[in-house]
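Accompanying notes for the structure given below.
The values are calculated or read from the model by the stated rules, or taken from the named source; none is laboratory data. None of the values given here were measured: they were computed from a predicted structure. Methodologically, a virtual Cβ is constructed for each residue, glycine included, from the backbone with ideal geometry; neighbour enumeration extends over all protein chains shown. With ligands, DNA and RNA removed, areas are computed over all heavy atoms of the protein, side chains included. Shrake-Rupley method; radii C 1.70, N 1.55, O 1.52, S 1.80 Å.
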Amino acid sequence: MRGTRVLVLNTGSSSVKYRLLDVADGSCPAGGLIERIGERTSYLRHDPADGPRREREEPVADHAAALEAVADELECDGLGLDSPGLAAIGHRVVHGGRRFTEPTLIDEAVTAEIERLVPVAPLHNPANLAGIRTALALAPGVPQVAVFDTAFHTTLPEYAARYAIDTAVADAHRVRRYGFHGTSHAYVSRRTAHLLGREPSETNVIVLHLGNGASASAVAGGRCVDTSMGLTPLEGLVMGTRSGDIDPAVVFHLSRVAGMSVDEIDELLNRRGGLLGLCGDNDMREVLRRMDRGGADAASARLAFDVYVHRLRKYVGAYCAVLGRVDAVAFTAGVGENAAPVREAAMAGMEGLGMAVDPELNRAPASGPRVVSPPGSRVAVAVVPTDEELEIATQTYELLSGGTMERK
Ligand SMILES: Nc1ncnc2c1ncn2[C@@H]1O[C@H](COP(=O)(O)OP(=O)(O)O)[C@@H](O)[C@H]1O
Ligand SMILES: CC(=O)OP(=O)(O)O
Ligand SMILES: [Mg+2]
């Protein structure tokens with residue numbers, strides 16, 4: 001291999017997050033993000049390890065232009081895509097279907113399969129593909145690896161993965177529950193066990209990944225046994241713009257009674273639902289601000305918060321039943337790591353299940369992995385920041401080197 005650095009690309013529908021990681025020592029020579037791709041003006045931020053942050057606003061037309069900007073920024077720091085230390089590029093790919101259960105070296109056939117899965121990850125796979133295609137064009141000599149959100153969930157027992165519909169129809173169209181955010185669920189469940197001084201193989205964890213997309217998973221001894229997202233990343237928890245669980249008959253009703261097309265209903269549930277649909281804001285920070293300010297604007301924000309938390313509590317209860325014994329509940333991603341009121345409300349009155357948060361520990365400003373339940377609680381409630389990029393870099397390097405890296 002040419003070196004020990006891996007560039008990780010996490011390409012979203014209108015953003016690219018990137019991080020250059022040295023897997024030999026865990027250092028991060030550079031990272032950054034580009035937001036609002038394709039809009040009138042975009043935001044670019046680049047953080048080199050040994051220099052000041054560079055940020056600017058300028059139009060970035062599409063993902064190809066965004067990745068060119070990333071390559072230019074890295075080049076400026078002497079870390080260009082042709083530098084000898086770059087071993088590989090690792091891509092987060094959201095939907096891997098049943099075919100991809102492991103990190104996979106990208107070639108034409110792999111790209112074609114990711115494209116075939118676009119209908120079941122319409123918000124994500126097209127952006128992931130754009131990132132892959134541009135990276136292949138910009139760095140043709142660098143091996144590129146796809147790490148799939150679905151991979152960690154391939155251990156789901158058949159009874160958790162099946163929908164109760166006609167098996168022939170389900171099989172013909174690959175309709176089953178795949179689950180997403182798997183890289184995060186894997187990393188966080190393992191980190192949580194280590195935080196508690198336990199072996200992951202002997203620890204049962206409920207992971208609550210609450211970001212823009214949100215999902216819960218039940219992890220028994222390091223293996224995922226249930227997760228809240230399904231065929232697509234729409235099922236389960238209430239999210240920023242996605243409804244999560246809904247009676248499927250809502251779709252027939254809106255089609256027959258309101259005359260909405262399938263595409264309109266898709267848009268309603270995927271892009272105009274969740275917190276946004278309930279209160280007009282998809283960002284939990286704004287929902288909390290409106291609740292704090294009070295007044296007329298607070299009522300719908302409060303309702304959105306309550307619907308969000310109620311769904312979360314239902315999944316926690318369900319996964320207690322699925323796991324039988326729960327050692328820890330771990331909150332992660334943007335909302336889970338930062339929104340103390342969400343954690344507090346989600347765990348309120350759960351003493352009967354052995355769960356509680358200590359109000360002071362929960363609200364204390366801190367950034368690393370930490371336990372926020374009172375000492376001696378039967379179930380540890382923890383805040384464990386996710387690091388999908390580190391996990392993707394590690395898996396990418398392991399695939400190419402054939403070795404296994406030590407994990408914290
Ligand atoms: N301090 C905070 N309080 C509440 N919510 C926050 C805070 N910081 C970030 N968030 C939420 O986290 C979300 C983004 O989470 P993140 O994990 O970065 O998402 P993604 O990786 O899916 O883009 C934002 O939409 C915002 O609602
Ligand atoms: C799968 C998914 O929902 O991802 P994200 O949270 O990045 O939207
Ligand atoms: Mg995320």
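Data overview
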| item | result |
| --- | --- |
| Å³ per residue enclosed by the Cα convex hull of the range 281-330 | 81 |
| Calculated FRET value between Val169 and His310, using beta carbons and R₀ = 22 Å, to 0.05 | 0.10 |
| Normalised per residue, the volume of the convex hull around the Cα set of the range 312-383 (Å³) | 83 |
| The range 229-338, relative contact order [Cα under 8 Å, separation at least 6], % | 22 |
| Mean projected area (nm²) of the alpha-carbon convex hull when the range 194-240 is viewed from all directions | 3.6 |
| Once the Cα gyration tensor of the range 223-268 is diagonalised, semi-axes √(5λ) in Å | 25, 11, 8 |
| Over the range 106-261, equivalent-ellipsoid semi-axes from the Cα gyration tensor in Å | 27, 25, 15 |
| 1.4 Å probe accessible area per residue over the range 263-408, in Å² | 48 |
| Gain in span if fully extended, Ser201 to Ser83, counting 0.36 nm per residue against the direct Cα distance | 38.6 nm |
| Carbon plus sulfur fraction of accessible area for the range 108-199, probe 1.4 Å, in percent | 58 |
| Carbon and sulfur %, accessible surface of the range 1-75 computed with the full protein complex present, 1.4 Å | 44 |
| Residue-wise HN-Hα coupling along the range 2-11, computed from phi with Karplus coefficients 6.51, -1.76, 1.60 (Hz; x: Gly, Pro) | 7, x, 10, 9, 10, 8, 9, 10, 10, 9 |
| Point-to-point label distance, Asp358-Ser255, nm (Cα→Cβ direction, 7 Å offset) | 5.3 |
| Listed residues Met1, Leu33, Leu81: farthest to the positive end of the dipole of the range 1-135 (Cβ charges) | Leu33 |
| Principal axes of the range 350-398: Cα extent on each, largest first, Å | 43, 25, 15 |
| For the chain, with +1 on Lys and Arg beta carbons and -1 on Asp and Glu, the positive-most of Thr394, Val357, His124 along the dipole | Val357 |
| Charge dipole magnitude, Cβ of K and R +1, D and E -1 - the chain, Cα centre, debye nearest 20 | 1020 |
| Evaluated over the chain, the Cα radius of gyration and Dmax, each in Å | 21.1, 61 |
| Dimensions in Å of the range 240-369 - Rg and Dmax from alpha carbons | 17.1, 51 |
| In Hz, Karplus ³J(HN,Hα) per residue of the range 333-339 (6.51, -1.76, 1.60; θ = phi - 60°; x = Gly, Pro) | 6, x, 6, x, 7, 10, 9 |
| Under 5 Å, built H, 5+ apart or other chain: amide partners of Val93 | Val147, Phe148, Asp149 |
| Over the range 128-185 - Rg/Rh using Cα atoms and the Kirkwood inverse-distance radius | 1.16 |
| Placed amide H near Leu231: partners under 5 Å, 5+ positions off or other chain | Tyr178 |
| Percentage relative contact order, the chain, counting C-alpha pairs under 8 Å, at least six apart | 14 |
| Over the range 1-84: Kirkwood hydrodynamic radius from C-alpha pairwise inverse distances, Å | 13.0 |
| Inter-label distance, nm, simple model (7 Å from Cα along the C-beta direction), Asp266/Arg285 | 3.2 |
| Whole-percent pair-distance distribution, where bins are 10 Å wide, for the alpha carbons of the range 41-105 | 16, 38, 31, 14, 1 |
| Summed residue charge, Cβ within 15 Å of Leu129's Cβ, Lys/Arg positive, Asp/Glu negative | -3 |
| In nm, spacing of pseudo-spin labels at Arg162 and Glu57 (7 Å Cα→C-beta vector) | 5.5 |
| Whole-percent carbon and sulfur share, accessible surface of the range 250-408, 1.4 Å | 53 |
| Cα centre as origin, Lys/Arg/Asp/Glu Cβ charges: the range 239-380 dipole, Debye | 240 |
| For the range 144-191, accessible area per residue (1.4 Å probe, heavy atoms of protein chains only), Å² | 39 |
| The chain: DSSP helices with Cα axial extent of at least 18 Å and average Kyte-Doolittle hydropathy no lower than 0.0 | 63-76, 125-138, 298-323 |
| Rounded if a/c under 1.5, otherwise prolate or oblate - the range 1-148, Cα gyration tensor axes | oblate |
